[in-house]
1. Might you tell me the accessible area per residue for the chain, computed with a 1.4 Å probe and given in Å²?
2. Can you tell me what share of the DSSP beta bridges in the chain is antiparallel? A percent to the nearest 5 is fine.
3. How far, in nm, would the chain grow between VAL85 and GLU153 when pulled straight, counting 0.36 nm per residue and subtracting the alpha carbon separation?
4. Given R₀ = 22 Å, what would the calculated FRET efficiency be for HIS7 paired with VAL125, taking r from the Cβ atoms and rounding to 0.05?
5. Only Cα pairs within less than 10 Å get springs; with that Gaussian network setup on the chain, which residue of GLY29, GLY88, GLY70 has the largest fluctuation?
6. Between ILE54 and LEU27, with labels modelled 7 Å along Cα→Cβ, what's the label distance in nm to one decimal, could you check?
7. Would you pull out the residues with amide H under 5 Å of GLU153's amide H, same chain only if 5 or more places away, H placed 1.01 Å from N?
8. Whole-Hz ³J(HN,Hα) for each residue in the range 93-101, computed from phi via Karplus 6.51 cos²θ - 1.76 cosθ + 1.60 with θ = phi - 60°, x for glycine and proline: what do you get?
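The values are calculated or read from the model by the stated rules, or taken from the named source; none is laboratory data. It should be emphasised that the depicted structure is a prediction, and the values quoted were computed from it without experimental measurement. Cβ placement follows ideal geometry from the backbone for every residue including glycine, while neighbour counts extend to all protein chains displayed. With ligands, DNA and RNA removed, areas are computed over all heavy atoms of the protein, side chains included. Shrake-Rupley method; radii C 1.70, N 1.55, O 1.52, S 1.80 Å.
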Amino acid sequence: MPIQIIHADITRLTVDAIVNAANPGLLGGGGVDGAIHRAAGPALLQACRALPEIAPGVRCPTGEARITPGFALPAPWVIHTVGPVWRGGDDGEAELLARCHRNALRLLRGQQLRTIAFPAISCGVYGYPAAQAAAVAVGALRDAMAAADDDLEVTLCCFSDAMRAVFQRALSA
Ligand code: AR6
């Protein structure tokens, strides 16, 4: 099963790379970002700080992704991406969220890695309606996986059973 959906704490997963739902500064925050930084330890913040700023305070623009080691995490790599803030849906949110998923897979392949877990990017503080985000995430991942001849294993890691059900519906649609 190339895409699976689970209810779990992403910081506990032993996949090649976990995805962080970060902000453009990449210096940590709340939600899954805070949990990943706590579990990885302070070396993760140092590694993020060492990434180049492409504008003042911006290490990763919305829709792009960056990779660092996972340090104390069970996952050896963290792929940091920045989802869109929900502004009602007419501000390019779906394309930006799809780009997050595509760019994360591109980095995974670029490092010759195979297994990856995504949180529900933008579905917390950034306010993206979960059912719509799930449809975009599943669609983008399916398209990106179908376009390549490899054997990636993608886990969508939801932090509640309700969110797991929403993502499961998108996968079954
Ligand atoms: N494992 C899996 N999922 C989690 C975990 C965890 N340990 N903790 C929270 N989630 P959010 P966003 C879920 O707000 O909306 C940060 O401050 C959570 O329940 O973490 O993309 C960043 O620095 C929700 O379903 O990310 C940014 O400033 C999902 O992860 C901003 O929040 C995403 O919620 C990014 O906002």
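1. Details: 8010 Å² over 173 residues.
Normalised by residue count, the accessible surface of the chain is 46 Å².
2. Details: 6 of 22 bridges.
Among the beta bridges of the chain, antiparallel pairing accounts for roughly 25 percent.
3. On the way: separation 68, 0.36 × 68 = 24.48 nm, distance 2.73 nm.
Length difference between fully extended and current span is 21.7 nm.
4. 0.65
5. The residue with the greatest mean-square fluctuation here is GLY88.
6. 1.9 nm
7. THR115, ILE116
8. So the J values, rounded to whole Hz, are 4, 5, 5, 5, 5, 4, 4, 3, 5.
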